[in-house]
Amino acid sequence: MSNSRKDQVEILEKLNIEELNPMQVDSIQTIRTATDVILCSPTGTGKTIAFLLPIIESLNNDCNEVQVLILVPSRELAIQIEQVARNMGSGFKINAVYGGRPISKDKMELAHEPAILIGTPGRVMDHLRRKTIGISHIQTLVLDEFDKSLEVGFEDEMKEIVFQLTGLKKRILTSATNEIEIPKFVGLTSPVFLDYLGDTIEKLDVRLILSSSKDKLNTLFDALCYLGSQPGIIFCNFKDSIQRISQFLFERGIDHGCFYGGLDQIDRERALIKFRNGTHHLLLATDLAARGLDIPEIKFIIHYHLPQRLQEFVHRNGRTARMKSDGTAYVIKWEEEVLPDFITTTEVQHINGGTLPKPSNWKTVFISGGRKDKISKGDIVGLFMKEGGLAKDSLGIIELKQDCAFAAVKEKEAEGLIKRVNNARLKKRKIRVYLV
């Protein structure tokens with residue numbers, strides 16, 4: 001059965017995007033005509049939309065096999081691109097595959113092959129070896145965050161995947177930095193280079209917070225009290241440090257989420273969901289959260305540990321002051337610590353005063369039904385308001401997944417709502433609803 005194509009105007013309306021920015025317009029026009037494209041643009045400028053729109057235009061309605069492969073360095077980025085692509089409502093099947101979930105679940109979803117496959121190199125290579133996906137019709141390869149996916153750790157898998165894609169006609173590489181030399185095995189031929197990295201985010205301030213102690217915990221606490229209940233990310237270099245800082249903050253009544261590679265995938269996903277919907281104002285994270293994640297409206301980031309490379313500094317800072325928003329990057333520096341050459345700011349932020357940040361008044365509830373059950377956000381709104389008696393202003397962001405959903409609910413209403421709607425029927429199936 002052929003796919004039903006939607007044009008760009010319909011897709012942008014569905015995404016509630018009134019106008020593309022200059023980078024997106026330029027990229028779309030270039031990707032339509034050029035064989036190979038390298039797009040470098042700051043985090044938060046809309047690179048995913050910039051390459052997905054022309055890719056969807058180019059898909060063959062009558063082909064029922066994979067036509068586009070998008071390789072990404074992390075599970076979270078795979079999930080995010082899948083979500084954006086599905087939200088576009090293009091009419092084409094789209095799937096993401098990545099480590100951290102059963103391969104059997106992938107096989108079920110890939111029984112009917114998608115037009116666009118998104119995945120991490122290891123999991124995609126696993127499917128190629130198992131022959132669970134066909135590659136003979138793949139004509140477009142996208143390497144998103146290519147500076148990360150082409151690092152040494154992924155090189156062997158990337159090389160093996162690219163060598164098998166003998167029918168490639170177009171290669172698209174995107175990143176928020178351009179710090180590496182692209183290996184020959186990628187197969188670029190006279191690529192068009194779109195460089196928007198010179199369009200620096202003018203609204204980003206970088207300031208120093210001085211710590212009199214090598215142990216920066218008390219300085220961090222004072223900084224958070226000074227900054228108040230604003231959404232922000234605290235970046236650390238090690239997961240052990242996150243666990244130590246997390247315990248310290250919980251003991252002092254500062255609620256937060258944690259995000260690092262050692263966490264189970266479900267815990268990482270839920271930490272991001274609760275951060276996005278306002279259940280948590282703060283996220284403690286390693287550099288895993290520095291790129292490719294959909295985390296809007298961040299007012300500040302804190303470098304608790306100094307980044308080890310310029311690349312990490314740029315990506316961390318790119319989490320705030322995105323698009324038309326302003327933001328601040330704070331560097332906590334022990335007084336005897338030597339800053340790396342790429343941190344040139346001399347402006348010191350004094351953090352005297354402040355009160356303990358107020359906890360969020362939102363909670364996150366889990367709903368045991370999703371897209372595959374034909375459940376929509378509107379269905380959840382209807383259930384919560386009609387049967388749950390929830391007021392409109394007591395329901396926040398809803399995130400719909402394939403097999404479940406999450407919704408932000410005002411804390412004072414959450415328990416009563418759950419009692420009224422848990423085990424209720426939605427689209428003819430009984431659903432469970434509980435606090436995350």
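Exposure proxy for Thr177, Thr320: other Cβ atoms within 10 Å of each Cβ, ordered fewest to most, give Thr177, Thr320.
Of the residues Pro54, Pro340, Pro42, the one that moves most in a GNM of the chain with alpha-carbon contacts below 10 Å is Pro340. Of the options Leu143, Thr166, Pro183, report the single residue whose Cα projects farthest towards the positive end of the charge dipole of the stretch 118-188 (beta-carbon charges: Lys, Arg +1; Asp, Glu -1). Value: Thr166. For the stretch 237-334, the residue among Leu272, Leu293, Gln243 whose Cα projects farthest onto the positive side of the dipole built from Cβ charges is Leu293.
Return the loop-located GluC sites (Glu not before Pro) in the stretch 202-270 (DSSP other than H, G, I, E, B) with at most 15 other Cβ atoms within 10 Å of their own Cβ; answer none if there are none.
Glu202
Shown here is the pair-distance distribution of the stretch 1-76: with all Cα-Cα distances grouped in 5 Å bins from zero up to the longest one, the shares run 3, 12, 23, 24, 20, 14, 4, 0 percent.
Sorting Thr279, Thr346, Thr140 on the 10 Å Cβ count, fewest up front, what's the list? In order of increasing Cβ crowding within 10 Å: Thr346, Thr140, Thr279. Could you check which residue among Lys14, Lys239, Lys47 shows the biggest mean-square fluctuation in a GNM of the chain with a 10 Å Cα cutoff? With Cα springs under 10 Å in the chain, the top fluctuation among Lys14, Lys239, Lys47 is at Lys14. The shape of the stretch 204-334 comes out rounded: with a ≥ b ≥ c from the C-alpha gyration tensor, a/c is under 1.5. Placing +1 on each Lys and Arg Cβ and -1 on each Asp and Glu Cβ, with no other charges, gives the chain a dipole about its Cα centre of roughly 2100 debye.
One way to sum up the overall shape of the chain is the equivalent ellipsoid from its Cα gyration tensor, whose semi-axes run 35, 30, 19 Å, largest first. For Arg432, the residues 5 or more places off, or on other chains, whose built amide H falls under 5 Å of its own are Ser368, Asn423.
Applying the criteria of a DSSP loop state and at most 15 other Cβ atoms within 10 Å to the chymotrypsin sites (Phe, Trp or Tyr not before Pro) of the stretch 249-346 yields Phe342.
Summing -39500 (n - 2.57) over the DSSP H runs of n ≥ 4 in the chain and dividing by its residue number, what mean residue ellipticity at 222 nm do you reach, to the nearest 500 deg cm²/dmol? Computed ellipticity for the chain at 222 nm equals -9500 deg cm²/dmol.
Ordering Met23, Met158 by the number of other Cβ atoms within 10 Å of each residue's own Cβ, fewest first, gives Met23, Met158. Amide H to amide H, with H built 1.01 Å from N, Val142 comes under 5 Å of Leu69, Ile70, Leu71, Ile172, counting only residues 5 or more places away or on other chains. For Val192, the amide hydrogen comes within under 5 Å of the amide hydrogens of Asp36, Val37, Ile38, counting only partners 5 or more places away or on other chains and with H modelled in the peptide plane. Annotation for the stretch 75-153: trypsin sites (Lys or Arg not before Pro) lying in DSSP loop with at most 14 further Cβ atoms inside 10 Å of their Cβ are Lys131.
Say a paramagnetic label sat at a point 7 Å from the Cα of Asn422, along Cα to Cβ; which residues of the stretch 359-380 have their backbone N under 17 Å from it? Inside the label zone: 363-369.
Annotation: extensible slack from Asp195 through Val381 equals 62.7 nm (criterion: 0.36 nm per residue apart, minus Cα-Cα distance).
A short reminder: the numbers here are calculations on the coordinates, not readings from a lab. Please read all numbers here as calculations on a predicted model, not as lab measurements. Cβ coordinates were reconstructed from backbone atoms using ideal geometry, including for glycine residues, and neighbour counts include every protein chain displayed.
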